[in-house]
Amino acid sequence: MTPEERRAKLIELFEEVKACTRCPLHETRTQAVFGAGDADAEVMFVGEAPGAEEDRQGLPFVGRAGQLLNQMLGEVGLSREDVFIANVLKSRPPGNRDPQPGEIEACKPYLFEQVRLIEPRVVCTLGNFATKLLSGNPAGITRVRGTPQVHELGGRTVFLLPLFHPAAALRTPRVKEQLRADFDLLPRLLAGPPPGGAPPEEQEIAAQEAAAPPPPEPSADQLDFFG
């Protein structure tokens, strides 16, 4: 697909999402929040659902959690303009309550089509709902965060990197530091071999090895010892 074809398809999908009435959330939203960023991005972030400010502006992650996401991106040499950001739900749940199963099911085809069209190398899931949906695994985010996985999403093989949601990081300093450490995996996943071309088990091992911290430099004493 050429960049022009990709953008045309994304615009068609945007118009479909904007007019969507698949679940009752269309009755209470101000506007649908499709997502935003680079249509050719190698990294895609998927959060949970729009909040009040996102519902007002029609853009994802524009509140305090979005500011932290911008900061974390900058620390690994990226910006919002380099990535694409979306949510599992395209409409705000009243009172920012958790997404309900029927709402997730209604919105899921839109998200998978976004992945198919954008063709990212890495999909970062922010929090439990995005991680469980895209990994197909009920394990909670605390158990799987920071461990790259290999999955087929939207007909494309990608690295899936589960991350804590920035909103949780704003509430808990320890979570913020873990989120920052997990963000450091992104440059290595982008620089290493692409996902695909090997059995999924081998790809996951390769992804985890690529994301593993480098071994410590030997001390001066060790260098002397080995001559």
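The values are calculated or read from the model by the stated rules, or taken from the named source; none is laboratory data. Being a predicted model, the structure only gives us computed values, none of them experimental. All Cβ positions, glycine included, derive from the backbone under ideal geometry; neighbour counts span all protein chains shown.
I'm checking my understanding of the structure. Among residues of region 56-78 that are within 16 Å of residue 180 (Cα to Cα) and of a type in the set (Gly, Ala, Ser), which one is surrounded by the most Cβ atoms within 10 Å (Cβ to Cβ)?
Step by step, filter region 56-78, then rank; the result is 65.
Out of region 84-97, which residues are in contact (Cβ under 8 Å) with a residue 40 or more places away in the chain and either within 17 Å of residue 130 (Cα to Cα) or acidic (Asp, Glu) (or both)? Before the answer, list the steps.
Taking region 84-97 first, the residues in contact (Cβ under 8 Å) with a residue 40 or more places away in the chain are 84-94, 96.
Once the filter is applied, which keeps residues that are in contact (Cβ under 8 Å) with a residue 40 or more places away in the chain and either within 17 Å of residue 130 (Cα to Cα) or acidic (Asp, Glu) (or both), region 84-97 yields 84, 85, 86, 87, 88, 89, 90, 91, 92, 93, 96.
Evaluate the following for residue 81: is it exposed (fewer than 15 other Cβ atoms within 10 Å of the Cβ), under 24 Å from residue 8 (Cα atoms), touching a residue at least 24 places away in the same chain (Cβ under 8 Å) and under 16 Å from the mean Cα position of the chain (by Cα)? Working first, answer last.
Numbers: exposed (fewer than 15 other Cβ atoms within 10 Å of the Cβ): yes; under 24 Å from residue 8 (Cα atoms): yes; touching a residue at least 24 places away in the same chain (Cβ under 8 Å): yes; under 16 Å from the mean Cα position of the chain (by Cα): yes.
Criteria met by residue 81.
Just to be sure, is residue 4 closer than 15 Å to residue 109 by Cβ and without any contact (Cβ under 8 Å) to a residue 40 or more places away in the chain?
No; evaluated as a whole, the condition is false for this residue.
Here is a yes/no grid of residues against (1) charged (D, E, K, R); (2) part of a helix (DSSP H, G or I):
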residue: 30; (1), (2): no, no
residue: 39; (1), (2): no, no
residue: 44; (1), (2): no, no
residue: 53; (1), (2): yes, yes
residue: 60; (1), (2): no, no
residue: 65; (1), (2): no, yes
residue: 68; (1), (2): no, yes
residue: 72; (1), (2): no, yes
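Take region 11-54 and flag every residue that is surrounded by 22 or more Cβ atoms within 10 Å (Cβ to Cβ), over 15 Å from the mean Cα position of the chain (by Cα) and either of a type outside the set (A, V, I, L, M) or at pLDDT below 95 (or both).
Across region 11-54, the qualifying residues are 51, 54.
For residue 114, which of the numbered conditions (1) over 23 Å from residue 35 (Cα atoms); (2) touching a Gly at 6+ places or on another chain (Cβ under 7 Å) fails to hold?
(1)
For region 100-129, which positions are over 10 Å from residue 89 (Cβ atoms) and among the hydrophobic types (A, V, I, L, M, F, W, C)? Break it down into steps so the answer makes sense when it comes.
Our first condition is that a residue be over 10 Å from residue 89 (Cβ atoms); within region 100-129, this holds for 101-102, 105, 109, 112-128.
Listed by number, the residues that qualify are 112, 115, 117, 118, 122, 123, 124, 126.
Looking for whichever is free of Cβ contacts under 8 Å to residues at least 40 places away in the same chain, polar (S, T, N, Q) and closer than 27 Å to residue 18 by Cα here; the options are 114, 100. Which one fits?
Sole residue among the options that is free of Cβ contacts under 8 Å to residues at least 40 places away in the same chain, polar (S, T, N, Q) and closer than 27 Å to residue 18 by Cα: 100.
Could you check region 91-179 for helices (runs of 4 or more DSSP H) lying wholly inside it with 1 or more residues that are exposed (fewer than 14 other Cβ atoms within 10 Å of the Cβ)?
Filter on region 91-179 gives 101-118, 141-144, 166-171.
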